[in-house]
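Worksheet for the structure shown next.
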Amino acid sequence: MEEREVPCECAIKVFKTTLNEFKNREQYYRGDFRFADEFKKQNPRKVIKIWAEKEMMNLRRMRRYGIHCPEVVICKKHMLVMSFIGQDQRPAPKLKDVQLSDEQLQHAYAQCIEAMKTLHKSCGLVHADLSEYNILWHNSHIWFIDVSQSVDFTHPKAFEFLLRDCTNIVQFFEKKGVDVMTQYELFNEITGLELKGEEPDFLAQIQQYEANEVHLAHEDNRKDYAFDYFFKRAKKEREEQKKSLKKEDVNIDDTD
């Protein structure tokens, strides 16, 4: 069995779902026909295993590009073992709970903006549920957590999710007295687009843009299309993970 460097402290995340939660998660894969087909073949109980694998792949992609987030130790069925963000069994506080100075708040805001840019431009992902509730503060850095719902930026509603993330972040730091850009300015800075106006016109422009992208995706069968690249890479990662788990099971049996 391949040896892994296991962190001194680990966190275990157990995925579970109710029927309502299963339906709510549908928005994160509906419209992505390759990924959606994989979910259609499963019942809600089996889908939670896929969600664990999805978070594992998203975290690994994020760490590859330098975003502070938990390190995956192992994924086993519907359980995910990760590095523990904290020290001496004391978890790092959520951004909503920590008391920061004005200088620290400005620093945290700047880090958050850079991480969101990297997430989109380098990782090809949108968090899709980003807020002060799933950002930790540890060792003077922000840490992104809870990314099982994160979507590829080619998802039909990725930009709508991104605008919601931008709104959450801007509203939180604005309430803390930080000099922030608007959610619309932040959205344009992350995406490189130059959309104008505010709600509801801004959202209408996003939806029109997404509709055009979906239309082009169906018309264009390019092999190097971004979704194909990230999907194939994610699928390869999942297959390699399954092979690794099977080898571990065999080794465990041999030692019994």
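The values are calculated or read from the model by the stated rules, or taken from the named source; none is laboratory data. None of these values were measured; they are calculated from a predicted model. Note that we place each Cβ from the backbone using ideal geometry, even for glycine, and neighbour counts take in every protein chain shown. Areas reflect the complete protein model, heavy atoms only, side chains present, ligands, DNA and RNA absent. Shrake-Rupley method; radii C 1.70, N 1.55, O 1.52, S 1.80 Å.
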Notebook entry, point to check: Hey, among the residues in segment 164-178 that are open to solvent by 10 Å² or more (accessible area, probe 1.4 Å) and without any contact (Cβ under 8 Å) to a residue 60 or more places away in the chain, which one's nearest to residue 97 (Cα to Cα)?
Noted result: 175
Note to self: I'd like the full set of residues that are assigned to a loop (DSSP other than H, G, I, E, B) and touching an Asp or Glu at 6+ places or on another chain (Cβ under 7 Å), limited to segment 115-127.
What the structure shows: 124, 127
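For (1) at pLDDT 95 or above; (2) among the charged types (D, E, K, R); (3) assigned to a helix (DSSP H, G or I), each residue gets a yes or a no:
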residue	(1), (2), (3)
75	no, no, no
99	yes, no, no
103	yes, yes, yes
106	yes, no, yes
109	yes, no, yes
113	yes, no, yes
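When you check residue 71 against the structure, is it of a type in the set (Asp, Glu) and either modelled with pLDDT of 90 or more or touching a Pro at 6+ places or on another chain (Cβ under 9 Å) (or both), yes or no? Spell out the reasoning first.
Details: of a type in the set (Asp, Glu): yes; either modelled with pLDDT of 90 or more or touching a Pro at 6+ places or on another chain (Cβ under 9 Å) (or both): yes.
Considered against the rule, which asks whether it is of a type in the set (Asp, Glu) and either modelled with pLDDT of 90 or more or touching a Pro at 6+ places or on another chain (Cβ under 9 Å) (or both), residue 71 comes out as yes.
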Check: How many residues are closer than 16 Å to residue 12 by Cα and surrounded by 21 or more Cβ atoms within 10 Å (Cβ to Cβ) if we restrict to segment 58-83?
Finding: 6
Notebook entry, point to check: Take the residues of segment 182-192 that are more than 22 Å from residue 66 (Cβ to Cβ) and out of contact with any helix residue (DSSP H, G or I) (no Cβ under 7 Å at 6 or more places or on another chain): which is surrounded by the most Cβ atoms within 10 Å (Cβ to Cβ)?
Noted result: 188
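Determine if segment 139-157 includes at least one residue that is part of a helix (DSSP H, G or I), open to solvent by 10 Å² or more (accessible area, probe 1.4 Å) and of a type in the set (Lys, Arg).
Initially, segment 139-157 is screened for residues part of a helix (DSSP H, G or I), giving none.
The answer is no; no qualifying residue exists.
Name the residue that is farthest from the chain's Cα centre (by Cα), counting only residues in segment 65-80 that are touching a residue at least 40 places away in the same chain (Cβ under 8 Å) and farther than 21 Å from residue 129 by Cα. Before the answer, list the steps.
Residues of segment 65-80 that are touching a residue at least 40 places away in the same chain (Cβ under 8 Å), as a first pass: 65-71, 73-76, 78-80.
Subset that is farther than 21 Å from residue 129 by Cα: 73-76.
Working: 73: 17, 74: 18, 75: 16, 76: 19 Å.
My answer is 76.
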Notebook entry, point to check: What about residue 132, is it farther than 15 Å from residue 68 by Cβ and crowded, with 18+ Cβ neighbours inside 10 Å?
Noted result: yes
Check: residue 197 passes all but one of (1) surrounded by 14 or more Cβ atoms within 10 Å (Cβ to Cβ); (2) over 20 Å from the mean Cα position of the chain (by Cα); (3) among the small types (Gly, Ala, Ser); which number fails?
Finding: (1)
